[in-house]
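Peer 1: Quick one: the structure is below, questions incoming.
Values quoted throughout were computed directly from the atomic coordinates according to the rules given, and no laboratory measurement underlies them. In this text, all values refer to a predicted model and were calculated from it rather than measured experimentally. In this analysis, Cβ positions are derived from the backbone assuming ideal geometry, glycine residues included, and neighbour counts consider all displayed protein chains.
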Amino acid sequence: MAYKDLAAFVRRLEKAGELVRVKVPVSAELEITEIADRVMKAPSERNKALLFEQVRGYDMPVLINMFGSPRRMAWALGVENLEELRERVARLIKPQLPQGWSEKFRLAAELLPTLRAAGPKRVSKGACQEVVNTQDPSLDTLPILKCWPKDGGRYITLPQVITRDPRTGRRNVGMYRLQVYDAQTLGMHWQIHKGGAEHERVAREVGAERIPVAVVLGGDPAQIWAASAPLPPDIDEYMLAGWLRGKPVELVPCVTQPLEVPADADIVIEGYVDPQERRLEGPFGDHTGYYTPPDLYPVMHVTAITHRRRPIYPATVVGRPPMEDYWMGKATERLFLPLLQLFLPEVLDMNMPAEGVFHNLLIVKMRKRYPGHVRKVIHGIWGLGLMSLTKGVVVVDDWVDVHNLSEVAWQVLGNVDWARDVVISEGPVDALDHAAYRPNFGGKIGVDATAKDERDGYPRTWPERIEMSEEIKALVDQRWKEYGLP
Ligand SMILES: Cc1cc2nc3c(=O)[nH]c(=O)nc-3n(C[C@H](O)[C@H](O)[C@H](O)COP(=O)(O)O)c2cc1C
Ligand SMILES: [Mn+2]
């Protein structure tokens, strides 16, 4: 299911009672954050997407928390619930081998159109260029938020940052926040492990003086989310968006840079990064719940701003979890599970709890088959794409529900011999990790909370879990009213 543009998604949310329009004037400085933070953390009946119609000093509305619940996140990607994402990817990469011709045709009929939809399509005109400013483009016209009191300035928080590999020309789309230094200068916070930073390294290697950049705001929500997806290098995030929406992402050429941008985007900031230039970026109240201290990052110089006649400015606020980005990460977790299973087929399910802010904790469940199997999975995760930044991995048995944190805690606390069932290691950690003693490198822990047996060198007999017999359960179900219990 494809939304024509962000306004179409807003209409769907509004019709379903999932969006509230805030009509009174509000400030883009801190006030929107405090409102959004309360709504993002509220129980589901009060957790809504918010459209601020009157942001003081600006003439475009701000949309926030559009992804902030499992339902809205699923709708944004064209499914009814997030589990459907896992099923769709699983069908794509592990189709049940068809039995006869009719099944082969059915499978081809199901998969081919969705794959054809994946490749982006060039078009000549786009609504994102209804208004073009190349003479005097100014970031001051955009309702960019100052999120937290000690932030270094105003930040663009929900962008699609488009670059091309200077050597191969391949596109990357990443979600990297941008700090406003002045009306035409931005701080580019692509961290060392990310696609944009890799393009910058290549630019230095080949001696390129500039990396063209387009910062896209809005458009179909699947496109927005795809920018946050940790795809392997050289795989275009807009391909994933096209596959999700079942319709190619339509791209138009930028007006001042050799790049293409989604035609139906709301706002596009065009410019370039000089790979030699660095400037202090931050502090920024981050999704760790702490301020990331100032650090040197590249600088983007704006050459044009284009937009729709009536754009919506999309934003999010990150902070102490849970926030909107938790649900963006949940979608990633569900969608990438079948891909992770290609490399680690014994992994049956996984969960990244909100409190772990993506990288700090991964709970996986598996069926153990041979000595060292749990450790193989732990080390496997530490060697897999951006999963390699995971700090803690907890492994539980196949009957445990990894999404039930109470059940997981019960297993970990009772099943782990802390002298034997723990792997301590070191490796790359997320750029935002403040616990590591030096940036980007730190300690990791793997915890084997499975039941132990002779394969683990456990010489005793593992006790049996308590379960009531089915007959007695059925009997008590049947007689419940008789007992006079509520
Ligand atoms: C709301 C939000 C903000 C983010 N901000 C940043 C950021 O400032 N810098 C960064 O490197 N990654 C940031 N990320 C994570 C990246 O978007 C994510 O790692 C993505 O995989 C990057 O794309 P890439 O793999 O193509 O580089 C953010 C994610 C979200 C959801
Ligand atoms: Mn990428």
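Peer 1: Farthest toward the dipole's positive end in the chain, which of T168, G484, T185, given Cβ charges of +1 (Lys, Arg) and -1 (Asp, Glu) about the Cα centre?
Peer 2: Farthest along the dipole direction, towards plus: T168.
Peer 1: Return the percentage of antiparallel bridges among DSSP beta bridges fully within the chain, rounded to the nearest 5 %.
Peer 2: Of all bridge pairs located within the chain, approximately 75 percent are antiparallel.
Peer 1: Moving to a separate point now. Among the aspartates and glutamates, which have Cα under 19 Å from the Cα of K376 when same-chain residues fewer than 8 positions away are ignored?
Peer 2: E346, D349, D397, D398, D417, D421, E426, D448, D453, E454, D456
Peer 1: Can you sort V24, V299 from fewest to most other Cβ atoms within 10 Å of each residue's own Cβ?
Peer 2: Least to most surrounded, the residues fall as V24, V299.
Peer 1: Scattering from the C-alpha atoms of the chain alone, worked out with Debye: what is log10 I(q)/I(0) at q = 0.08, 0.09, 0.13 1/Å?
Peer 2: Log10 I(q)/I(0), no solvent term: -0.53, -0.67, -1.29.
Peer 1: In debye to the nearest 20, how big a dipole does the stretch 344-456 give about its Cα centre with +1 on each Lys and Arg Cβ and -1 on each Asp and Glu Cβ?
Peer 2: Dipole magnitude for the stretch 344-456 comes out near 340 debye.
Peer 1: Under unit Cβ charges (Lys, Arg +1; Asp, Glu -1), what dipole magnitude, rounded to 20 debye, does the chain have relative to its Cα centre?
Peer 2: 820 debye
Peer 1: Can you compute the modelled spin-label distance between V131 and A16, with each label point 7 Å from Cα toward Cβ, in nm?
Peer 2: A separation of 3.0 nm, rounded to one decimal place.
Peer 1: Sticking with this one: Please order W480, W327 by the number of other Cβ within 10 Å, starting at the fewest.
Peer 2: By the 10 Å Cβ count, ascending, the order reads W480, W327.
Peer 1: Cα-Cα over 19 Å: which of K125/K247; K330/K365; K41/K330; K125/K194; K452/K473?
Peer 2: The answer is K125/K194; K452/K473.
Peer 1: Still on this structure: Among H189, H199, H301, which comes first, then next, by fewest other beta-carbon atoms within 10 Å?
Peer 2: H301, H189, H199
Peer 1: Relative to 2.2 N^0.38 Å, what does the C-alpha radius of gyration of the stretch 6-99 come to as a ratio? Two decimals please.
Peer 2: Taking the Cα Rg and dividing by 2.2 N^0.38 Å, one obtains 1.39.
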